[in-house]
Amino acid sequence: LILPATGTVDVRCGEFSLTTTGHGYHDRNWSHVPLHALGIQTWVWGHTPYRGGERIFYVLFPDSGEAPEALGFQIGPDGALTEVPLDATLSGRRRTAYGMPSWGHITLHDSAGPWLEVRPDRCLDSGPFYLRYWTRNVAPDAPEQTGSCEIIVPSRIDMARHRPLVRMRVSQSTGANSMWLPLFEGDPKTRIGRLVRHWSRPMQGWLRRGPGS
């Protein structure tokens, strides 16, 4: 976990470029036990800038079917971390096209009252076991901030019926890639052209060699 921080992004993809500097966030998940063996049925977490630091939340639905457990972390501008027990209310439940659960509004309370309101605003990634959203977040005595929220269902990871779809989007450093990979690598506006060029390369090689080669 690295906070608080400033991040700089410099992205170039064909003719598109983006350079910006702003509030930065970095963390990682680590465990001796695989995610699907932790007893978590659905994992919801997110974060938002807050007064020069960050507010981070987890809402974990257990495999037992009991009420979800909620936990928050508040990080100040000096880097000090405070753990905050929370109660969570999730409303506006729906299912995505892949069958993933999602919610339109997440309200988090600590012992003093409202701690953070989270509204998923724009879906950035939608898959068979994983969702990522930009969110609009409101904390007490603070202006509305843009944050991020993710939803994971561990039991849906690596299901046999999803493997062909997942392989289509994974670029292998060694070995063959899916013939559909160009659709998902690069600018969405040029995906069809990339796919046509990718498919045409074997034919061009065959034409250069000739049918008897």
Index of the failed condition, Pro182 passing every other in (1) within 29 Å of His26 (Cβ to Cβ); (2) open to solvent by less than 30 Å² (accessible area, probe 1.4 Å)
(1)
Against the condition under 19 Å from Leu124 (Cα atoms) and modelled with pLDDT of 85 or more, how does Val11 come out, does it pass?
yes
Output the residue which, of all residues in segment 159-169 that are under 15 Å from Gly127 (Cβ atoms) and out of contact with any helix residue (DSSP H, G or I) (no Cβ under 8 Å at 6 or more places or on another chain), is surrounded by the fewest Cβ atoms within 10 Å (Cβ to Cβ).
Arg161
Scanning segment 173-187 for residues that are modelled with pLDDT under 85 and touching a helix residue (DSSP H, G or I) at 6+ places or on another chain (Cβ under 9 Å) gives Glu185, Gly186, Asp187
Return only the number of the condition from (1) hydroxyl-bearing (Ser, Thr, Tyr); (2) closer than 29 Å to Cys13 by Cβ; (3) free of Cβ contacts under 8 Å to residues at least 60 places away in the same chain; (4) open to solvent by 30 Å² or more (accessible area, probe 1.4 Å) that Thr190 does not satisfy.
(3)
Just to be sure before I move on: is Tyr98 assigned to a strand (DSSP E or B), among the aromatic types (Phe, Trp, Tyr) and surrounded by 13 or more Cβ atoms within 10 Å (Cβ to Cβ) in the structure I sent?
no
Based on what the data block shows, is Thr8 more than 27 Å from Met100 (Cβ to Cβ), touching a residue at least 12 places away in the same chain (Cβ under 8 Å) and within 21 Å of the chain's Cα centre (by Cα)?
yes
From the list Leu90, Leu35, Leu86, which residue is under 19 Å from Ser148 (Cα atoms), within 19 Å of the chain's Cα centre (by Cα) and surrounded by 13 or more Cβ atoms within 10 Å (Cβ to Cβ)?
Leu90
Has segment 125-137 got any residue that is modelled with pLDDT under 95 and open to solvent by 70 Å² or more (accessible area, probe 1.4 Å)?
no
Search segment 95-110 for residues that are farther than 15 Å from Gln41 by Cα and pair each with any residue that is among the polar types (S, T, N, Q) and at pLDDT 95 or above when their beta-carbon atoms are under 7 Å apart and the residues are at least 6 apart or on different chains.
Thr96/Ser102; Trp103/Ser91; Gly104/Ser91; His105/Ser91; Thr107/Thr89
For segment 142-158, give me each residue that is surrounded by 15 or more Cβ atoms within 10 Å (Cβ to Cβ) and either more than 27 Å from Gly24 (Cα to Cα) or touching a helix residue (DSSP H, G or I) at 6+ places or on another chain (Cβ under 6 Å) (or both).
Pro154, Arg156, Ile157
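The values are calculated or read from the model by the stated rules, or taken from the named source; none is laboratory data. All of these numbers come straight from a predicted model, not from anything done at the bench. Backbone-built Cβ (ideal geometry, glycine too); neighbour counts: all protein chains shown. Calculation scope for accessible area: heavy atoms of the full protein, side chains included, ligands and nucleic acids excluded. Shrake-Rupley method; radii C 1.70, N 1.55, O 1.52, S 1.80 Å.
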